[in-house]
Structures are given as C-alpha cells and as structure tokens.
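The values are calculated or read from the model by the stated rules, or taken from the named source; none is laboratory data. Since the structure is predicted, the reported quantities are computational estimates derived from the model, not experimental observations. For neighbour counting, all protein chains shown are included, and Cβ atoms are generated from backbone atoms with ideal geometry for every residue, glycine included. Only protein heavy atoms, including side chains, enter the accessible area calculation; ligands, DNA and RNA are left aside. Shrake-Rupley method; radii C 1.70, N 1.55, O 1.52, S 1.80 Å.
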Amino acid sequence: MRSEDFGKDFLWGIATAATQIEGAVNSYGKGPSIWDVFAKRHGKIKNGHRPEFACDFYHQYKSDIALVKALGFKVFRFSISWSRILPLGKGKINQEGIDFYHRVIDECLLNGIIPFVTLYHWDLPENLSKNGGWSAYSINADFNEFVILCAKTYGNKVKNWIVLNEPFGFTSLGYMLGVHAPGETGLTNFFAAAQHAAIAQADGGRILRAEVTNANIGTTFSCSEVIPYTESDADIIAAKRVDCLMNRFFIEPTLGLGFPTADWDVLEKFAISHSTWRHKERMTFDFDFIGLQNYFPLTVKFNAFIPVIQAWEVKAKSRKKPHTKMGWEINAESFYNIIKQFASYPNVKEIFITENGAAFNDKLKDGKVQDEERIEYFKLYLSAMLKAKNEGINITGYMAWTLMDNFEWAEGYNARFGLIYNDFKTQVRTVKQSGYWWKEFLTVLN
Ligand code: NOJ
C-alpha cells in the first residue's frame, strides 16, 4: 500500500482539539470552559491532571505547524475554543482570542497547509453550563451566535469547516454517564442534550452555508461496528439497540430520517416526551462531507440487568483480542465494515475520516520512541480504508489522531495518541517512529 494508491486529490491530515493542546486556559482574556472547571473536581481526571498547560500550543503553534508540514500532512485540523473568543459564551468578544486563531490560520496558509476548523470540540463555556448547557434549549441560540462570529471572522480564509465533534461522545459521556464535563447524569439530560446537539449541528451548517462563500461543510460522528457476542436472538437484538444509540442516533436526524425510533422503542418514548424531538426538519442539513471517527468495534451481549439498553460490552481483553492501551480492540476489518455501513445511506455524498489512531505505552529512550505497534495499526487501518475506497466509496481524506501526545480528557496525560512524543514538563517534542513512518509514506506526494 502506498499513499498514491488513494489518488492524487486525496487529502491527508492530522487532527487536534483546543482543550487538548492549547494550554493558556486562564490567560489572554479566555473565559473558563466546562473542562477547566470539571478538571478541578476531585477524582474526575486520572492523576488529577488538568488542561491548564496541555502542550502549550498557544505559544508554540508556529513550531507545531512546522512539524505538521515536516511530517508531510496537507491538512491541519484544530478547534476554536468558544470561551477564548466569547469568554461568557455570548456577548462580549475577546479580541486577543480572535487574533490568536487568525495567527494559527495564517501560519497554516503560509506553510501551504489547509486549515480544517472544528467549531465545537467539547469545551463549552462554563457560563453557559450554569443554565444547563447542552441540555437547555437556550444553547441553540448561543451556539448560533458563536458560529456566526466564527464564520464572519474567519470565513474569507477558512473554507473547510466541521460543525460538531462527535455529538454522541460529548452528550453521552458528559450528560448521561457523567465521566466527562460537565459531569451530568441521567437519560433525561442526555436525550435533551442530544436533541439540542442535533439541532445545533444542522443550524451550524446552514449558517456556514449562508456566511462563507465556497465553503466545504462537514460534521463528525463517532462510529463503531457493533458485533453480537453470539448468534443468539437476544445478543443480535441487543447489538441492534447499541447500534441505534451509538451510530444511528445522530447521523439519521442529520440526514432527514429522524431518530431511529422504529428499531428501539425506548427512543419512541422519549420522542413523545420532548417537543423538540419533532423538529425533524431543523435537525436536517445537507452536509458536503460526513466526518467519521473510528477507534474500536464493540462486541455486545444481552444483559437484562443493564437498565434501558440491556446490553453489555465484552471487552477485547477478556476475549483475548489485540487492543490498545485504552483497552480498545484493534480490528481493521471493523473499520472497513463501519465505513460501509455509513456509506450505505443514499444521501451521504462524501466521507472524510476525520479521526483514527491509537494510544500505546510509548517510552522515550535515547531520544527515540520506537512505537512499532502504532505503525502496524496505521498500516492495517489504511489498508482497510483503501479496500472500501476501491469498492467505490467516496472517501476523500483521512486525518490521523493526533499530532502530539496531549490532554486525553478523563485520562489526563496518561494516554499517548500522538505521532510526536511530548514531554509535558519541558514541552520538548520528539517525533516518534510512527511520525517518521508517516513522513516516508507521504513523501511521494510532497
Ligand atoms: C475522539 C475525540 O474527538 C478526541 O478528542 C479524543 O482524543 C479521541 N477520540 C481519542 O479518545
């Protein structure tokens, strides 16, 4: 497999997110985000880590963008921290924050790198969380104010936009399970947050379409093939429920299909209790591309004791399957399968893999990080993607997760996903073997 096999127009990129890399969370006029506050709560983040300094990208963006270029990537994906440009989430603008993203964008353009900007990568302004955050209907007007500001400010330079990063991720982890910021729990919060996120996603698309000429507009979804543990009816039906929740629940309203209530009656019950649920049209938008983010498949088994979903994941480790440091199963065939599943919707026109990668137990030794496992991982996953592409699926780009080891949410700095090793004490970056592998892989295109 060579990079040319994907075609000369295929876009290769690397993805990041503001909270995970920027640092400078209390400086230059930035307001607090839910992650700044959540990280201070005891026991929420492993080892009590906080995003305060992260990778110090705020100050090192020039050399970091130089690294993006040196590794041969054409696309740099980063997100705008909402509370850096609107410290209270709405109203007064922080000019220093606005200028920072101008500098980042200009640096990309200067280096011939295409900026892909994510509008929302999980860092809600804390001030908006006080009113319920994503579970409150008012979030939609506030989000639109933020999108209008971004589109008007950067729209003449940035043409590639991603509205939301993994709505299932931030609504389920942050509003149902409470393991991510803002730490809310319960199905009522989750379903409300999910509906507002679905509306925000489509509203965001419409705003960008109106404000930015020649915009290429996408949004991203987490996706995982859901595999029944056995061929029993109970396991097969349990797997269908999980598929409804994890894969179909967000893409289908976006495509105008509404929520997949027919295949899971619980959704129907919530549909009736929420008025916004019926806002099928407002949740629909014709995105130019659908961003898919894949990290693992899920093998599930029926379990009557698990409320509502009645399914239980049988972990890779207990099935003796290869897995990453996160315990996530390495299974490139499932990547191929889930790409095919999402591509089977007739109105998904274009697929961009906006995240894929793995954390391993990387060690810096004699100035080197020999992460052969990661290289192997990318080879397998890229081959699976090529197979799907060769079968006619319109996949136009791929972004590896991620440029450098960073703040991995509730895992703190313990999970290293980067192609570049970061020493968080000194902020010295060391390109891992996998980074060199990518450089070599992309050489012919540069
Ligand atoms: C998806 C998220 O978008 C990203 O922020 C995170 O670091 C990766 N998954 C790995 O967990």
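Filtering TYR154, TYR120 for residues that are within 16 Å of the ligand (Cβ to nearest atom), open to solvent by less than 20 Å² (accessible area, probe 1.4 Å) and among the hydroxyl-bearing types (Ser, Thr, Tyr) leaves a single hit, TYR120. Of the residues making up region 151-207, just one is under 19 Å from the mean Cα position of the chain (by Cα), more than 22 Å from THR354 (Cβ to Cβ) and of a type in the set (Val, Ile, Thr), namely VAL179. Among the numbered conditions (1) within 16 Å of the ligand (Cβ to nearest atom); (2) surrounded by fewer than 23 Cβ atoms within 10 Å (Cβ to Cβ); (3) under 26 Å from TYR381 (Cβ atoms), the only one that TYR229 does not meet is (1).
Could you list all residues from region 167-178 that are more than 16 Å from GLY43 (Cα to Cα) and either open to solvent by less than 20 Å² (accessible area, probe 1.4 Å) or assigned to a strand (DSSP E or B) (or both)? Passing the criteria: PRO167, GLY169, PHE170, THR171, SER172, TYR175. Residues in region 421-430 that are part of a loop (DSSP other than H, G, I, E, B) and within 16 Å of the ligand (Cβ to nearest atom): PHE424 only. Taken together, the residues in region 371-383 that are open to solvent by 10 Å² or more (accessible area, probe 1.4 Å) and of a type outside the set (Val, Ile, Thr) amount to 6. Among the criteria (1) away from the ligand (no atom under 16 Å from the Cβ); (2) farther than 30 Å from ALA210 by Cβ; (3) not acidic (Asp, Glu), the one PHE259 does not fulfil is (2). Considering each residue of region 254-273 in turn, at least one proves to be small (Gly, Ala, Ser) and open to solvent by 50 Å² or more (accessible area, probe 1.4 Å). A single member of PHE305, PHE296 is open to solvent by 30 Å² or more (accessible area, probe 1.4 Å), touching a residue at least 60 places away in the same chain (Cβ under 8 Å) and assigned to a loop (DSSP other than H, G, I, E, B), and it is PHE296.
Yes/no per residue for (1) touching a helix residue (DSSP H, G or I) at 6+ places or on another chain (Cβ under 8 Å); (2) outside any loop (DSSP other than H, G, I, E, B); (3) among the polar types (S, T, N, Q):
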{"site": "TRP161", "(1), (2), (3)": "yes, yes, no"}
{"site": "ALA202", "(1), (2), (3)": "yes, yes, no"}
{"site": "GLY205", "(1), (2), (3)": "no, yes, no"}
{"site": "ASN214", "(1), (2), (3)": "no, no, yes"}
{"site": "ILE236", "(1), (2), (3)": "no, yes, no"}
{"site": "MET246", "(1), (2), (3)": "yes, yes, no"}
{"site": "GLU252", "(1), (2), (3)": "no, yes, no"}
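If you go through region 54-64 one residue at a time, do you hit one that is surrounded by fewer than 21 Cβ atoms within 10 Å (Cβ to Cβ) and charged (D, E, K, R)? So far as region 54-64 goes, yes, one or more of its residues are surrounded by fewer than 21 Cβ atoms within 10 Å (Cβ to Cβ) and charged (D, E, K, R). Scan region 388-395 and tell me whether some residue there is surrounded by fewer than 20 Cβ atoms within 10 Å (Cβ to Cβ) and within 16 Å of the ligand (Cβ to nearest atom). Within region 388-395, none of the residues are surrounded by fewer than 20 Cβ atoms within 10 Å (Cβ to Cβ) and within 16 Å of the ligand (Cβ to nearest atom). Just one of (1) under 18 Å from TYR421 (Cα atoms); (2) open to solvent by less than 20 Å² (accessible area, probe 1.4 Å); (3) within 16 Å of the ligand (Cβ to nearest atom); (4) not aliphatic (A, V, I, L, M) fails for PHE73. It is (3). Quick one: GLY327 ticks every box in (1) away from the ligand (no atom under 16 Å from the Cβ); (2) surrounded by fewer than 17 Cβ atoms within 10 Å (Cβ to Cβ) bar one, so which box is it? Status for GLY327: all satisfied but (1).
ALA181 meets each of the listed conditions (1) in contact with a Leu (Cβ under 9 Å, 6 or more places away or on another chain); (2) surrounded by fewer than 20 Cβ atoms within 10 Å (Cβ to Cβ); (3) in a loop (DSSP other than H, G, I, E, B) apart from (2). Checked against (1) assigned to a helix (DSSP H, G or I); (2) in contact with a His (Cβ under 8 Å, 6 or more places away or on another chain), LEU149 meets all criteria but (2). As for region 8-18, it holds at least one residue that is open to solvent by less than 30 Å² (accessible area, probe 1.4 Å), closer than 19 Å to ILE114 by Cα and β-branched (Val, Ile, Thr). Might you let me know whether region 44-58 holds any residue that is within 16 Å of PHE417 (Cβ to Cβ) and more than 15 Å from the ligand (Cβ to nearest atom)? Looking through region 44-58, none of the residues is within 16 Å of PHE417 (Cβ to Cβ) and more than 15 Å from the ligand (Cβ to nearest atom). If the condition is being within 20 Å of HIS49 (Cβ to Cβ) and part of a helix (DSSP H, G or I), then region 363-420 contributes TRP409, ALA410, GLU411. In this structure, LYS269 does not satisfy being part of a helix (DSSP H, G or I), in contact with a helix residue (DSSP H, G or I) (Cβ under 8 Å, 6 or more places away or on another chain), among the charged types (D, E, K, R) and more than 16 Å from the ligand (Cβ to nearest atom). A search for C-beta distances below 6 Å between a residue of region 143-163 that is closer than 12 Å to ALA200 by Cα and any residue that is surrounded by fewer than 21 Cβ atoms within 10 Å (Cβ to Cβ), counting only pairs 6+ apart in sequence or on different chains, returns ASN144/ASP203; GLU145/LYS90.
In summary, GLY204 fulfils each of the numbered conditions (1) touching a residue at least 12 places away in the same chain (Cβ under 8 Å); (2) open to solvent by 20 Å² or more (accessible area, probe 1.4 Å) with the single exception of condition (2).
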